[in-house]
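Okay, structure first, notes after.
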Amino acid sequence: MKKLLFLLSSRFSDRPSKFRATNFRLFCDRPHSSFSRRPGPVTYYKSLVNQGKLKHDPYQEKVAFELDNLLGRLDQYEKDMEEYHTKLAKWEESRENERRRLLMKEANAKQQGDASSINKRRNFIQTWMSSHKKVDGAEQGVGKWVSYLNREKKLDSMVGQRPVAPPAPKGLYIYGNVGSGKTMLMDMFYSATEGIVQHRRRLHFHEAMLQIHDLMHKVWKNKEMENSLQSSISNWVKHLPFDTRVKEWLVEEERYKQEMKIKNILPAVADKFLVDGQGRRTGASILCFDEIQTVDVFAIVALSGILSRLLSTGTVLVATSNRAPNELNQDGMQKEIFQQFLTKLEEHCENVPIGSEIDYRRQIAKSSIDQSHYFWPLDSTVIKEYEDTWNKIVEHSGGKVTSQTLPVMFGRTLEVFESCNGVARFTFEYLCGQPIGAADYIAVAKTYHTVFITDIPVMSMRIRDKARRFITLVDELYNHHCSLYCCAAAPIDDLFQGTEEGTLFDLESFQFETETEDTKLRRDVLAEANTTTSSRENTTGIISLLSGQEEMFAFQRAVSRLIEMQTSFYLEGVRQIHPYFQEKQSAGSFEIKVTG
């Protein structure tokens, strides 16, 4: 129900005609100079009910109150975290200075003890970085570890223990049926945190997985470690008044320090997930995570590691899902890791069910459906109407239909054969019949405000892989608020058929479609999890995967979204919400923007 919106003509009483919204997802980069504080979820929700924009729902109101209570605790928490990070920065600076003094003292001792046997060489740094040869003077193996621990103990006594972060308020895990208003309410909360919390992000599941994958790739390639090492060398080791042998020892100590930091990849990725590393981090962090899922092994392991780390370091999580936490992993994958994740969620989040059985998208659609955006069936008359609509939209755009190459994450590209000024046309088979995924669909959704898709078949478990891709495609078009024109074989409610026609176990669906060269993430994860074994547990897991329960759940969400995407409420928001039009809007506009 995240995009049920509705025109807010009276957003502020003194300028009722200036403020409009068709969605609650406000752009997080929207300048905040026009007002000091956005209304909280309860105030926002009640105003919409009073205006007749929303129908009152006691379950939604209860969740709004929970979110409002959390919002009220964030003011003080932000101040406490700013103070904590100030202390932490001073502690880290002091500790690093003392660490270098200890190293200098040890280096002096080595210099004096080995002065007669050291062979000086020029251009040491360049030679070492290119050769990566083992260093005779460096302490290896257990000796290096003992040296590192002894130094850390000395630093603890000299500088003191790391400052303790203030206790974070518990976040919320909101779960319930399709179209019940989970995301709408979360977005009200996210909007209200502007001006209160410095570091905040709103992520959809697909986008989060892509970013985690990208960060993991960078860490695995050791780019950050090498850059940090190079910086350390150039900043202080290179010009020290020591002989080559001692400098080599210092370099190895620096390398070992970096290796210790990067030993566990998921915490390393998590530390960069909310803050991009530009400048010092101060204040609290909020992560609003839409549609948490555990669709495969990678999602379970990655989400468990990343979210556990963020929760442990003070991030406040507000999440939505169609399932309760203990129902997320119905296929029983990675049970131990998943159980640890559940324990962490229970410790840091309150579970809040939204018990409404009503799909509010359908209710809104009853009074505002626009059938001109969804054409069916695939007969000559309907196809002609669809083609006429395409020609009309292209003519209205005032451009010429050309081909375009879209850049996609991880250095890939996607060919778009028909596009014109933010409008593009594809066939179902081209977008969903080949092994592409969320990264490609995000690129399409960000680039084109209007998307035409033709030849959409009725989908069943026999074409499970194509159906899954189509659902992901709809998710991203919806998340970015695209206008979607469909030419399909059946009406929306009949587009996805049940599982009686058979199943198709699709290993490809467990691979990360956008994986980069030499990076192993989802590739063959089932094979590596001993799927060939005859153990009862693994066999049961595969049978569960074959049942199609998750697909049917996702189908319901896709149908609900496709229905909403035909409504006037949704369509009126495209020009105000879609990224294509954001750059064209003047900086002085008083419109409330919404993001996807």
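Cross-link pairs exceeding 25 Å between alpha carbons, from the set 87/110; 154/218; 87/218; 90/154; 62/170; 110/153: 87/110; 154/218; 87/218. Note on residue 238 and residue 164: the extension gain reaches 23.1 nm, defined as 0.36 nm multiplied by sequence separation minus the Cα-Cα distance. Of the cross-linked pairs 335/446; 53/446; 182/344; 272/344, those separated by over 26 Å at the C-alpha level are 335/446; 53/446. Using R0 = 30 Å, the C-beta based FRET efficiency linking residue 397 and residue 434 works out to 0.65. Taking label points 7 Å from Cα along the Cα-to-Cβ direction, residue 405 and residue 98 give a separation of 5.6 nm.
Between residue 106 and residue 327, residue separation times 0.36 nm minus the direct Cα-Cα distance comes to 74.0 nm.
Amide H contacts of residue 174 (H built 1.01 Å from N, in plane; Pro and chain starts excluded): 319, 320, 321, 352 sit under 5 Å, all sequence-distant by 5 or more or on other chains.
Length gained on full extension, residue 50 to residue 156, computed as 0.36 nm times the residue gap minus the Cα-Cα distance: 32.3 nm.
Note on residue 388/residue 313: beta-carbon distance plugged into 1/(1 + (r/R0)^6) with R0 of 56 Å gives a FRET efficiency of 0.50.
Neighbours of residue 312 by Cβ distance under 15 Å: Lys/Arg scored +1, Asp/Glu scored -1, total +1.
Can you tell me what share of the DSSP beta bridges in the stretch 411-464 is antiparallel? A percent to the nearest 5 is fine. Roughly 40 percent of the DSSP beta bridges within the stretch 411-464 come out antiparallel. A simple count of charges around residue 403, restricted to other residues whose Cβ falls under 9 Å of its Cβ and scoring Lys, Arg +1 and Asp, Glu -1, yields -2.
Each value in this text was obtained by applying a stated rule to the coordinates, not by laboratory testing. On a predicted model such as this, the values are computed, not experimentally measured, just so you know. Cβ: placed from backbone, ideal geometry, glycine included. Neighbour counts: every protein chain shown.
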